[in-house]
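Below is one structure, written out as structure tokens; the observations come after it.
The values are calculated or read from the model by the stated rules, or taken from the named source; none is laboratory data. Bear in mind that the values here come from a model prediction, so they are computed numbers and not experimental data. FYI the Cβ positions are ideal-geometry reconstructions off the backbone, even for glycines, and counts take in every protein chain you see.
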Amino acid sequence: MRTTLVMLVALLCSTPTLADQPADEPRPNVLFIFLDDFGWRDAGFMGSDFYETPHLDSLAAKGMVFTNAYAAAANCAPSRASLLSGQYTPRHEIYNVGTKRRGKKTHGRLKHIPGTDTLRPDIKTWAQCAQDAGYRTGTIGKWHLSDDPLPYGFDFNFAGTHGGGPPQGYFPPHGNIKELKDSPKDEYLTRRLTDEAIKFISQEPDQPWFLYLTHFAVHTPLQGEPDLVAKYDSKPKGTLHDHAVMAAMIEAVDQGIGRLIESLDQSGQTDNTVIVFTSDNGGYGPATSMDPLKGYKGTYYEGGIREPMFIVWPGITKPGSTCDVPVINVDLYPTFCEITGAEPPDQVMDGWSLKPLLTGELTNEGVHGFTHRSLYWHFPAYLQSYSRIDGQRDLLFRSRPCSVIRRGRWKLHEYFEDRDLPGGGLELYDLQTDVGESTNLANSNPEVRDRLHKELQQWRRNSHAPVPTEPNPNFDADAERKDIAKLLQKQKQD
């Protein structure tokens, strides 16, 4: 049995066992590149047939690509709160962007759980752990979890506020962000953030550094530099992707990554810098596609939560390796502690360090853990639809209140509005044969359905996850049906 399990992980994570770094080597720097609304297939190394990402592709080829990497939520704020805390949403209680009800007040039968919109200061972040371990820490770009990121473990902040999108767009003026008051009128925000990142990593290396480069791109508004937009307007469209402005925004990010790598090379830091790349949620549905995945940002189908991700750890990851084991962004917290040598905090940690996957050094117990553990999502709120409505469960909301569990090949959704209806609001999918979540097996496979449902319910009890049960006093069933009928009619006309 042990031999079989080891062989299984060897297939899932194609990297050989590597020796640990010598004890006298300096601790590595960490460059964490985190994009906004960058979809699972929005890079060349993930299969885009229109967007051009040569620098990302080259960098991914130097490390391990995770094909089953997830965000812990389907939209910005809760995903970022889980990332920084290493905890699932019921623990930090940031469930949505803001705390107000989303969508028309007459739609949706339940009152939502508002939660909070600020990461509690008693939750220790991985940035604070890195600080305690002697790292110089910085955050550049989107923060979205409080008014000021500095109290959360950062020595340096550039442009990080409570705001979720680029204020007033990617060209000046940039609202009330004081660091951007000096922006020339034609300066593109993505390039400016890259400039600041290069300044940060080029400082006198008197201590190791940890940079959280959290681009606003490719969040709306969709705005690209005119020359790049023109380039893609004249380029033949792909079967998967064809949006010229999105392509221009992605290329601006990619060019910046190329400049960052060049800076690391010139300063002699490349061999001692770990690079982590991923995104906060699924791609922006009206402009991109995650096909064959169903859904996009805001849905809890695969297209809303599965992310592109790779890690380059010199001396640890084998160039060109891939890993198909399901992982989730709360795993990055303990991974960062391992990379930096930081002491893990005395608080609940929902993630597992990815180092055993990166090195291939898995014990029998570790094999069992990574290939058979469950991943969870909890969204007790509403997220209204936008112009694209084909990848949702219904036409009015990208997601209604729900919980989700993935265990191995199986994924179970539970939608709380429908708990008292036939089927109980449960959807079961076999991701091994149906990654597009097209065939609901809840009725045909009751054994797996009930086992996962029981585990999901127990997890909610253990994590004190609130489930909305109070009726929405403004709900109007007739108004909801009429609005759905209008959208159906529009869909037929389109």
Residue satisfying condition, being crowded, with 23+ Cβ neighbours inside 10 Å and more than 27 Å from S399 (Cα to Cα), within set G160, G153
G160
Test L56 against the criterion of being under 30 Å from G238 (Cα atoms) and either of a type outside the set (G, A, S) or under 20 Å from the mean Cα position of the chain (by Cα) (or both), and give yes or no.
yes
Would you check which residues across the range 242-284 are in contact (Cβ under 8 Å) with a residue 60 or more places away in the chain and among the hydroxyl-bearing types (S, T, Y) and list them?
S263, S267, T273, T278, S279, Y284
For the range 147-193, which residues satisfy the criterion of being of a type in the set (S, T, Y) and either more than 20 Å from V97 (Cβ to Cβ) or outside the structural domain of A248 (by TED's automatic domain parsing) (or both)?
S183, Y188, T190
Limited to the range 128-175, what total is found for residues that are out of contact with any Lys or Arg (no Cβ under 9 Å at 6 or more places or on another chain) and in a loop (DSSP other than H, G, I, E, B)?
11
Can you find even one residue in the range 450-462 that is in the same structural domain as F379 (by TED's automatic domain parsing), aliphatic (A, V, I, L, M) and over 25 Å from T67 (Cα atoms)?
no
Looking at (1) at pLDDT below 95; (2) of a type outside the set (G, A, S); (3) in a helix (DSSP H, G or I), can you tell me which one T190 breaks?
(1)
If you check P90, P78, which single one turns out to be part of a helix (DSSP H, G or I), more than 22 Å from V218 (Cα to Cα) and either not assigned by TED's automatic domain parsing to the domain that holds L35 or not polar (S, T, N, Q) (or both)?
P90
Note on the range 412-432: residues touching a residue at least 60 places away in the same chain (Cβ under 8 Å) and under 24 Å from L110 (Cα atoms) are H413, F416, E417
Only one of these conditions is not met by T340: (1) in contact with a Ser or Thr (Cβ under 9 Å, 6 or more places away or on another chain); (2) of a type in the set (S, T, N, Q); (3) within 30 Å of Q131 (Cβ to Cβ). Which number is it?
(1)
Take the residues in the range 199-237 that are part of a helix (DSSP H, G or I) and within 13 Å of Y170 (Cβ to Cβ), then tell me which one is farthest from the chain's Cα centre (by Cα).
P226
Taking interchain pairs and intrachain pairs at least six residues apart, which have beta carbon atoms under 7 angstrom, with the first residue in the range 433-457 and under 22 Å from F379 (Cβ atoms) and the second of a type in the set (G, A, S) and surrounded by 13 or more Cβ atoms within 10 Å (Cβ to Cβ)?
A442/G423; R449/A442; E455/S374; L456/S403
Which condition does L240 not pass, out of (1) part of a helix (DSSP H, G or I); (2) under 19 Å from P54 (Cβ atoms), if it passes all the others?
(1)
